[in-house]
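Trainee: Starting off with a structure, shown below.
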Amino acid sequence: MQYQNSSQAKPLAAIYVRVSTEDQVRHGISLQAQEQSLINYSNALGYDIYKIYKDEGKSAKDIKHRPEMVQMLNDAEQKRFQTIFIYKLDRFSRSLMDLITTIEKLKQWGIDFVSLQDKIETTSATGKLMFHIVSAFAEFERNVTSERTKFSMSVKAKEGGIVTRAPLGYKIMNKQLIPTENSYIVQEIFQAFLNTETSLTKLAGKYNLSVNGLKKVLANETYLGKVKFAGQTAKGKHPILISQELFNKVQEKLKNK
């Protein structure tokens with residue numbers, strides 16, 4: 001529902017209401033009840049209504065499957081209103097990460113956020129502190145996740161496991177690198193680069209690679225039976241496709257080129 005701004009001097013508010021079929025059956029929470037409470041509250045705080053966004057019968061599992069929520073966030077990014085009013089946090093999202101991520105975005109866009117039943121708002125100094133706290137938790141969670149991922153990948157690399165997608169000449173089977181039927185192409189590329197004066201552009205074109213892609217193939221230590229991650233190299237469990245001697249000669253020629 002779109003509203004007209006009755007006074008250009010007043011800030012604009014977006015109202016978001018959501019109720020699932022289950023909510024209505026179990027708790028008797030209606031969209032109309034949420035909507036009227038939020039209209040009254042936002043008007044009391046001196047806002048005009050920009051638009052009321054309604055997702056009826058929608059689950060709170062995630063945001064992307066709620067079209068009105070998606071539209072509201074798009075409008076927020078365009079700064080078409082100053083504040084979002086919701087009835088309760090679980091109307092917005094039951095996913096903590098979804099909630100944190102969305103509030104972070106609103107903070108970046110300069111959009112305030114008010115939850116009527118939870119007494120949460122960011123229109124005051126105290127409320128803005130909540131934004132900082134939520135953002136700090138979000139950053140902490142990202143850092144913890146990143147550290148866990150790096151640790152897991154590092155352990156996997158040290159054990160000779162796969163940490164990235166399979167390079168040319170290999171495929172992944174049962175979480176292991178194994179040579180493909182045309183793995184001989186890797187040996188061909190190394191020999192052609194080392195023993196001919198074919199340009200990188202022509203050699204790359206012959207094997208349907210970009211020049212950068214060709215350079216990555218020629219510098220890839222995976223062909224030596226090694227696994228590299230975060231600057232560390234370990235012995236892999238996969239078959240070797242290129243000898244150390246050939247690899248070293250190719251690196252020397254690459255450096256000279």
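Let's see how each residue does on (1) small (Gly, Ala, Ser); (2) surrounded by fewer than 17 Cβ atoms within 10 Å (Cβ to Cβ); (3) on the phi < 0 side of the Ramachandran plot; (4) touching a residue at least 24 places away in the same chain (Cβ under 8 Å):
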{"residue": "76", "(1), (2), (3), (4)": "yes, no, yes, yes"}
{"residue": "80", "(1), (2), (3), (4)": "no, yes, yes, yes"}
{"residue": "84", "(1), (2), (3), (4)": "no, no, yes, yes"}
{"residue": "88", "(1), (2), (3), (4)": "no, yes, yes, yes"}
{"residue": "91", "(1), (2), (3), (4)": "no, no, yes, yes"}
{"residue": "102", "(1), (2), (3), (4)": "no, no, yes, yes"}
{"residue": "105", "(1), (2), (3), (4)": "no, yes, yes, yes"}
{"residue": "110", "(1), (2), (3), (4)": "yes, yes, no, yes"}
{"residue": "114", "(1), (2), (3), (4)": "no, no, yes, yes"}
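Trainee: If you check residue 204 against the conditions, is it outside any loop (DSSP other than H, G, I, E, B), touching a Ser or Thr at 6+ places or on another chain (Cβ under 8 Å) and crowded, with 17+ Cβ neighbours inside 10 Å?
Mentor: Judged against the criteria, residue 204 is a match.
Trainee: Turning to a different aspect of this structure: Looking at (1) crowded, with 17+ Cβ neighbours inside 10 Å; (2) at pLDDT 95 or above, which is the only condition residue 157 fails?
Mentor: The one condition residue 157 does not meet is (2).
Trainee: Residue pairs, Cβ under 8 Å, 6 or more apart or interchain, first in the range 232-257 and farther than 24 Å from residue 172 by Cβ and modelled with pLDDT under 85, second in a helix (DSSP H, G or I) and not hydrophobic (A, V, I, L, M, F, W, C). List them.
Mentor: From the range 232-257, no pairs qualify.
Trainee: Given the criteria within 30 Å of residue 207 (Cα to Cα) and modelled with pLDDT of 75 or more, does residue 171 qualify?
Mentor: So residue 171 passes the test.
Trainee: To continue, here is another question. Can you tell me which residue in the range 63-101 is nearest to residue 136 (Cα to Cα), limited to those that are touching a helix residue (DSSP H, G or I) at 6+ places or on another chain (Cβ under 8 Å) and β-branched (Val, Ile, Thr)?
Mentor: 100
Trainee: Quick one: which of 246, 209 is of a type outside the set (D, E, K, R), part of a loop (DSSP other than H, G, I, E, B) and out of contact with any Ser or Thr (no Cβ under 9 Å at 6 or more places or on another chain)?
Mentor: Residue meeting the stated conditions: 209.
Trainee: Out of 48, 55, report the one residue that is crowded, with 17+ Cβ neighbours inside 10 Å, under 18 Å from residue 73 (Cα atoms) and at pLDDT 75 or above.
Mentor: 55
Trainee: Output the number of the condition that residue 169 fails; it satisfies all remaining conditions of (1) within 19 Å of residue 239 (Cα to Cα); (2) surrounded by fewer than 15 Cβ atoms within 10 Å (Cβ to Cβ).
Mentor: (2)
Trainee: With respect to residue 225, is the statement that it is touching a His at 6+ places or on another chain (Cβ under 8 Å) and either at pLDDT 95 or above or of a type in the set (Gly, Ala, Ser) (or both) true?
Mentor: yes
Trainee: Can I ask one more? Of the numbered conditions (1) among the polar types (S, T, N, Q); (2) modelled with pLDDT under 75; (3) within 30 Å of residue 251 (Cα to Cα), residue 176 satisfies every one except a single condition; which is it?
Mentor: Against the list (1) among the polar types (S, T, N, Q); (2) modelled with pLDDT under 75; (3) within 30 Å of residue 251 (Cα to Cα), residue 176 comes up short only on (2).
Trainee: Could you run through the range 179-225 and say how many residues are closer than 15 Å to residue 250 by Cβ and among the basic types (Lys, Arg)?
Mentor: Residues flagged as closer than 15 Å to residue 250 by Cβ and among the basic types (Lys, Arg) within the range 179-225 amount to 2.
The values are calculated or read from the model by the stated rules, or taken from the named source; none is laboratory data. This one's a predicted model, so the numbers in the text were calculated from it and none came from an experiment. Counting neighbours? That spans all protein chains shown, and the Cβs are built from the backbone with ideal geometry, glycine included.
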